[in-house]
């Protein structure tokens, strides 16, 4: 058993960390205020090969492993949680676009990998969150392609995206129709975007997309009819694990800040670190985060080894986010009244990370996945029969 990273991975970590500390961290508060990621960050990520890094080299990617992606996400999220999400979303959307027709792939993929555009992913609906098979968005066949009707919600990056990957049902009624993916330019006639005023992750510009008789061509269908569900499920284990690792990294930044504050802040003539009510709590949260971090890396390692990792991914997503939220909250308390101000980064970190308690699958969904593996699907799902 070897927990060391390769020399190449260590070099990747050092490169991304320098960029995160020098470029990302100084802009973190501004991104939260402005609700956008500055172009220099996207350009820097592209120059490091981080956007679409897991794509095959033939598609313009670096052929990076899941662990490689984890390293990049972790280092970026230590500086800013939102920026840590960009390689995750880039991997998700680039993977889908790489399976599109040549015309879509050739026109969209280079700009995505080079940081010149962003693509959003529209799966969630008001009546279909974690149940991807319950989609109400419909794709009706036409002589030249399809006509899309429906509404998608909770779409990250929709405010800055040039196009959206939309999951819709083709023909068939009921729960089992043909879930299919389509590429839809945001300026296509009949498509309209509205943005949410979110508590956190403001630079991701989450919002909704309404599709009213939106025409798409056969070339804009991604994969075969009915392949959309498999496209999504294949990537959930990866994105959930990377989201958890990003949350852990962000919280680790707060723990490190909290440790420095505990050394410097005096109370009753001694550093507050001398009080076990402070030092022990920092020690506990540091332990929880370290355990969650290695659970994430184990799930990524299993993915790279071609082994089942759905349970580990669900464990990572549930526990990693919980541990991160609790740790950041504790550091805010250790700072006292100043921890509640916007002068310190902890409130922003808490707002950002809290969104992942439901994003990409709630805690209940993760526990359901874990319980099925632990107890057996038949027993756990008996209530559904």
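All of the numbers you see were taken from the coordinates with simple rules; none came from a lab. Please read these numbers as outputs of a predicted model, since none were measured by experiment. Cβ coordinates were reconstructed from backbone atoms using ideal geometry, including for glycine residues, and neighbour counts include every protein chain displayed.
Computed quantities for the displayed model
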item: Label-point separation in nm, residue 215 to residue 188, each point 7 Å along Cα→Cβ; result: 1.2
item: Protection-proxy order for peptides 191-197, 282-288, each taking the mean of Cβ atoms within 10 Å per residue, highest first; result: 282-288, 191-197
item: Ellipsoid equivalent to region 195-257 - semi-axes via the Cα gyration tensor, in Å; result: 33, 20, 7
item: Most mobile listed residue (200, 306, 35) in the chain, GNM with C-alpha springs under 10 Å; result: 306
item: Whole-angstrom gap from region 326-381 to region 51-102, using each part's C-alpha centre; result: 23
item: Whole-number percent relative contact order across region 164-300, with pairs defined as alpha carbons under 8 Å at least 6 apart; result: 19
item: Gained length - residue 2 relative to residue 111, 0.36 nm times residue gap less alpha-carbon distance; result: 35.5 nm
item: Top of 143, 345, 308 by mean-square fluctuation, Gaussian network on the chain, Cα under 10 Å; result: 143
item: R0 of 22 Å, Cβ-Cβ distance residue 341-residue 33: FRET efficiency to nearest 0.05; result: 0.90
item: Cα-projected label distance for residue 40 with residue 140, points at 7 Å along beta-carbon direction, nm; result: 5.0
item: Net lengthening on full extension, residue 367/residue 291 (0.36 nm per residue, minus Cα-Cα); result: 25.6 nm
item: Value of [θ]222 nm, deg cm²/dmol, for the chain, DSSP H segments ≥ 4, -39500 (n - 2.57) each, nearest 500; result: -16500 deg cm²/dmol
item: For peptides 248-259, 97-108, sequence by mean Cβ density within 10 Å, most packed first; result: 248-259, 97-108
item: Normalised contact order of the chain, rounded percent, pairs of Cα under 8 Å and 6 or more residues apart; result: 15
item: Binned Cα-Cα distance frequencies in region 298-358 - 10 Å width, integer %; result: 22, 35, 24, 15, 4
item: P(r), alpha carbons of the chain - 10 Å bins starting at zero, rounded %; result: 5, 23, 32, 25, 11, 3, 1, 0, 0
item: Taking region 119-226 and dividing mean pair separation by its residue count, relative contact order in percent (alpha carbons under 8 Å, at least six apart); result: 31
